[in-house]
Amino acid sequence: MNTNCIVKRRNALKLSLPLALIACKLPLVSWAHMSGRDDGWLKTSGRESWEEGWPINQSLKWFQDQQLNYRLRGQANMRWFGLLLYEARLWAPDTFDSKTWADQRFALELIYARDFEGARIAQASLELMQALQGKLAERDRQWLAWMQQSFPNIQAKDRLLGLYRGSQGGCRFIHNLQHRGDIDDLAFAKAFFGIWLDPRTTEPALRRSLIGER
């Protein structure tokens, strides 16, 4: 492997760290110690056997009750050193086109396998958004404040659902069955859901599984 390839993989790993921090409560110092690894320590896979808190049929019924004609587009498990962190599911209408994902309506559902703090979700999400969108101090302060208000502390088997409103702008967050808040800002919504769906994501394998590509 040449030097340029090694540098690119290490840079990608550093950008992936916040995504794992979203669902893991290990001390930050331990992440810094491991950041020199050159192999793929953060992996996605298909479904595994675990007692999920939100079976797919339950989620489907919730969408039907909300009069949202969504079907399961794709799903993937996020792992850290073999530990299951969460299952991600993308729900969308039959007409959904991943090439123009930012202009369409859909829902991203995360089913967590571990406890973690809402404040850590917010900070880690902001770092990933900045990796794709750059940094703007005032904007980033507002984005972080919105996420801190929207993301509660999570327990294993909890569901965090994000409803994306497409080109009409904004999004809504649901924790289990509780409405957590609406954010009527298209730039924020694109940046947040882009963590998983932007072609530049640090986790392309997870993205491919979510949008149904194999």
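In terms of the Cα gyration tensor, with a ≥ b ≥ c the square roots of its eigenvalues, is the range 84-162 rounded because a/c is under 1.5, prolate because a/b exceeds b/c, or oblate? Because a/c hits 1.5 or more and a/b fails to exceed b/c, the range 84-162 counts as oblate. Using C-alpha pairs under 8 Å with a sequence gap of at least 6, the mean separation divided by the residue count of the range 172-214 gives a relative contact order of 18 percent.
Taking the Cα centre of the range 143-214 as origin and assigning +1 to Lys and Arg Cβ atoms and -1 to Asp and Glu Cβ atoms, the resulting dipole is close to 240 debye. The amide H of PHE151, built 1.01 Å from its N in the peptide plane, has no neighbour under 5 Å, considering only residues 5 or more places off or on other chains. Approximating the spin labels as points 7 Å out from Cα along Cα→Cβ, the GLN58-to-LEU177 distance works out to 1.0 nm.
By accessible area, using a 1.4 Å probe on protein heavy atoms only, the range 63-214 has 44% of its surface on carbon and sulfur. Per residue, the range 109-180 exposes 45 Å² of accessible surface when a 1.4 Å probe is rolled over the protein heavy atoms with every protein chain present. For the range 58-139, GluC sites (Glu not before Pro) meeting the loop criterion (DSSP other than H, G, I, E, B) and having at most 13 other Cβ atoms within 10 Å: GLU117. Classify the range 79-214 as rounded, prolate or oblate, taking a ≥ b ≥ c as the square roots of the eigenvalues of its Cα gyration tensor: rounded when a/c is under 1.5, otherwise prolate if a/b is larger than b/c and oblate if not. It is rounded, given that a/c, with a ≥ b ≥ c, falls under 1.5. Remark: the range 142-148, residue by residue, has Karplus-estimated 3J(HN,Hα) of 5, 4, 5, 4, 4, 5, 4 Hz, where x stands for each Gly or Pro and the curve is 6.51 cos²θ - 1.76 cosθ + 1.60 at θ = phi - 60°.
The values are calculated or read from the model by the stated rules, or taken from the named source; none is laboratory data. On a predicted model such as this, the values are computed, not experimentally measured, just so you know. Using ideal geometry, Cβ is built from the backbone for each residue, glycine included, and neighbour counts are taken over all protein chains shown. Note: accessible area is taken over every heavy atom of the protein model, side chains too, but ligands, DNA and RNA are not part of it. Shrake-Rupley method; radii C 1.70, N 1.55, O 1.52, S 1.80 Å.
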